[in-house]
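Structure, as structure tokens:
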């Protein structure tokens, strides 16, 4: 029985874009629909491994009707039930519709839309770029569920109805727009399939009419448009740039055809497999959204598709890598769950991980500019391996990049470059963590190191603080935070002791008045120019991490920090004199809070009471100007 349903608001927005705005490279609609058909056959083919009676001659068919102005794309794959049609086509809420519309609006140019379609997984709706109406008939494979028909003009609603289809699979009929007649031409469809879908593992068939020259009779015969060559089994020298781009676009989450590097692998011996992997150029919208990001490589066994998300083939910190692994050793007749426990997958992962890290190192050594751009895109993810992959930890350390105190903004160095530049007097790798370069670059905690000629690594990714808890050494040099723990230089010990004695009353006063804010008040050799700074205990979270966790609505206890003073600074001497000369405790308390707030400002932290700080500064300025 026919039923009309309304599209969700965001889907209506998407459809309006498809129908009225997106006219550049409309050819990609066929790429998307053929890719969907191939995915449906993949699922049915996998099901047939354990139920051989479901096997059939897998194929994707195209049909042209010039009189009716329709183009039909059909497959004999897994098919859908009525509920699945509603979930996967009626709403498409799973694959990022809102993000697609938002990204398109931000770009302000529909010229990029075809590539965004691939990136956001809204390919079915690309049919409305060329069709005024779409009608879909589908029947679920290996199911008693009745066939269902879905139809829509893309104008706010869709209709669900019964279908007379009897064979499993899906048929999509496009009623073409007046300006889309070119897609009724066989040569045009052949051109699109060769360009975008030549590597699809199933034949894409277009019936061709042949005329007998003698009696002028017509016969129809099937013509296969694609070569069905497994690109990963071919020699790299035989693969064109367009073929690489087409295959990358087919299997990646990243949209578009541009990738940074294609990596071929052939492994023999204990585990035999072939692989084709890609390092991407740009991060996808969902790179940091694990709930909707597809992870893992596509797994084939003897050219038989198994899964497009085999997480066991790569460690999680390399989840930006996409590609195919085709094994000769893994068994076909098992479930995905049992397959995932097979020890051969571990051996493949070891080999694939080593190959990716090796290729990344080649990029670093021979294409530094390209590697830096790549690392800016994916470094936040890649650095997870410093904490999780103990086997390859040293290789990963060779590949991470950081800005530093001695490098211009936007310029990166490796850990080895840092160590090679260390003066003989330096025995640690110094670093500072924060939420952005401008904040850490102005920290008073850098003053001592700047005067000594030491460099300090700037670690400004949120993950860095977590990583450094387990990254202890590199090339036998220990890592040390410049804003944590004790900092004592033997040649400064006497100076610190003299300041403690000279300003003991000031220290006691500040301890009392700032007791709710700081745990310790002390003098330190860390400062050379600034009057004061705040540091954290070795085991405590730095302030930027506390702010990050609270922004994520996580409970984080407020930790008191250490308030360090510079005994050589004239402001400290003046404060000490003021303390000895006046009994106005309220004024002295305001000055103590102002000194503490100055330390907060210098490290980039927000003030607890900006109004009070402004009033105190005004008071001091007025007094100085009298």
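A few comments on the model shown:
- Over the stretch 565-614 - Rg/Rh using Cα atoms and the Kirkwood inverse-distance radius: 1.00
- Here the calculated FRET efficiency for residue 476 and residue 436, from their Cβ-Cβ distance with R0 = 45 Å, stands at 0.90, rounded to the nearest 0.05.
- Fraction of alpha-carbon pairs over 18 Å apart in the stretch 352-446 - percent: 51 percent
- Between the beta carbons of residue 214 and residue 281, assuming R0 = 51 Å, the FRET efficiency works out to 0.35 to the nearest 0.05.
- Cα gyration tensor shape of the stretch 154-247, rounded if a/c is under 1.5, else prolate or oblate by comparing a/b with b/c: oblate
- Once the convex hull of all Cα atoms in the stretch 120-204 is built, its volume per residue stands at 147 Å³.
- Projected label distance in nm at residue 311 and residue 466, using a 7 Å step from Cα toward the beta-carbon: 1.5 nm
- Spin-label model, residue 355/residue 615: points 7 Å from Cα along the beta carbon direction are separated by 6.9 nm.
- Convex hull per residue volume in Å³, alpha carbons only, for the stretch 496-626: 120 Å³
- Measure of compaction for the stretch 400-482 (Cα Rg per 2.2 N^0.38 Å): 0.99
- Shown is the FRET efficiency for residue 3 and residue 223, computed with R0 = 60 Å from the Cβ-Cβ distance and rounded to the nearest 0.05: 0.95.
Each value in this text was obtained by applying a stated rule to the coordinates, not by laboratory testing. Remember, it's a predicted structure, so these values are computed and weren't measured experimentally. With ideal geometry, Cβ positions are generated from the backbone for all residues, glycine too; neighbour counts draw on all protein chains shown.
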